[in-house]
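Q: I'd like to ask some things about the structure below.
What follows draws every value from the coordinates through simple rules; no lab data is involved. Just so it is clear, the structure is predicted and the values come from calculations on it, not from any experiment. Methodologically, a virtual Cβ is constructed for each residue, glycine included, from the backbone with ideal geometry; neighbour enumeration extends over all protein chains shown.
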Amino acid sequence: MVNTIIQQSMLRKAKTEGVIDFDVVDLRDFGQGNYRQIDDTPYGGGGGMVLMAEPLFAALDHAIANIGASTNLRIIYPSPQGLQWSQDAAQENSSLENLIFICGHYKDIDHRVIDKYVTHEFSIGDYVVTSGEIPTMIMIDSIVRLLPGVLNNFDSAKTDSFFSESLLDAPYYTKPKKIDGLSVPEVLMSGNHEKIAAWREDERIRRTEVKRPDLAHARAKKLESLEN
């Protein structure tokens, strides 16, 4: 799954142009016995399987050795127990030189892997998906698009939702000017860049207040604290 996704769109561009390098490690390569076992039943009983510590230890040691000595390394485990992934988290992690993501499967990974290796846990939301590759690729994609040289126009990222001030983005329109009785706002066709910028800022604030009142409330409290 990961190898397929990194060959698409901006991830492929980033790799091709040398902005980033991906090293995908197959846990099965470090499995135990003739069947390359990587999972087993949980101690204490209960449903589901658990990814074993030994293959994960070996795979992580291999990945770390490939990177070499680095103090700028973060090992991330996507997990429901983690902090909520956000645009701020993407920006912070985009400044780091090396990231290792552990893609979980089944019930969980052996907790000793977390104790020994994991530096950060992040969650993409209050729900559970089938495999750790999905949240991992969401995080990676949100990081990579912030790296210099990946987007053709980085100003596009600067106006994304959540990029600054925890505001949603303004609405966008393209040709034609009118379709099925729906028209493009006149201000966007005025050519007055100051008015357009002001309209978009007003829309960002309005949209956030209507669609994400939680963000609007947090922003208001932050602005209030800065004024005091």
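Q: Measure nothing fancy, just the Cα-based angle from helix 53-67's long axis to the longest principal axis of the chain, in degrees from 0 to 90, nearest 10.
A: 60
Q: Would you compute, from DSSP H runs of 4+ residues alone, the mean residue ellipticity of the chain at 222 nm, taking -39500 (n - 2.57) per run and dividing by the full residue count, rounded to the nearest 500?
A: So the helix-based figure for the chain works out to -12000 deg cm²/dmol.
Q: Right, here's the next one. Mind running the shape call on the range 159-227? Use the C-alpha gyration tensor, a ≥ b ≥ c as the square roots of the eigenvalues: rounded below 1.5 for a/c, prolate if a/b tops b/c, oblate otherwise.
A: It is prolate, given that a/c is not under 1.5 and a/b is the larger ratio.
Q: Report, by chain and number, residues whose modeled amide H sits under 5 Å from the one on F101, excluding near sequence neighbours (fewer than 5 apart, same chain).
A: I76
Q: Give the longest segment of the chain that steers clear of GluC sites (Glu not before Pro) in DSSP loops with at most 15 neighbouring Cβ atoms within 10 Å, not counting the sites themselves. Walk me through the numbers before you get to the answer.
A: Values: sites that count: E17, E97, E165.
It works out to 18-96.
Q: So, one more: Would you please give the residues with an amide H less than 5 Å from that of L167, counting only those at least 5 places away or on a separate chain, with H modeled from the backbone geometry?
A: Residues meeting the amide H criterion: F162.
Q: Tell me whether the range 81-124 comes out rounded, prolate or oblate; compute the Cα gyration tensor, take square roots of the eigenvalues as a ≥ b ≥ c, and use a/c under 1.5 as the rounded threshold.
A: Prolate.
Q: Would you give the gap between the C-alpha center of the range 99-119 and the C-alpha center of the range 7-67, rounded to a whole Å?
A: Using only Cα atoms, the two centres lie 10 Å from each other.
Q: If you stretched the chain out fully between V184 and D29, how much longer would it get, using 0.36 nm times the residue separation minus the C-alpha to C-alpha distance? All intermediate terms of the calculation are to be shown ahead of the outcome.
A: Values: separation 155, 0.36 × 155 = 55.80 nm, distance 5.52 nm.
Extending this stretch completely gives an extra 50.3 nm.
Q: In vacuum, with every alpha carbon of the chain counted as one equal point scatterer, what does the Debye formula give for log10 I(q)/I(0) at q = 0.09, 0.10, 0.15 Å⁻¹? Two decimals, please.
A: -0.52, -0.63, -1.11
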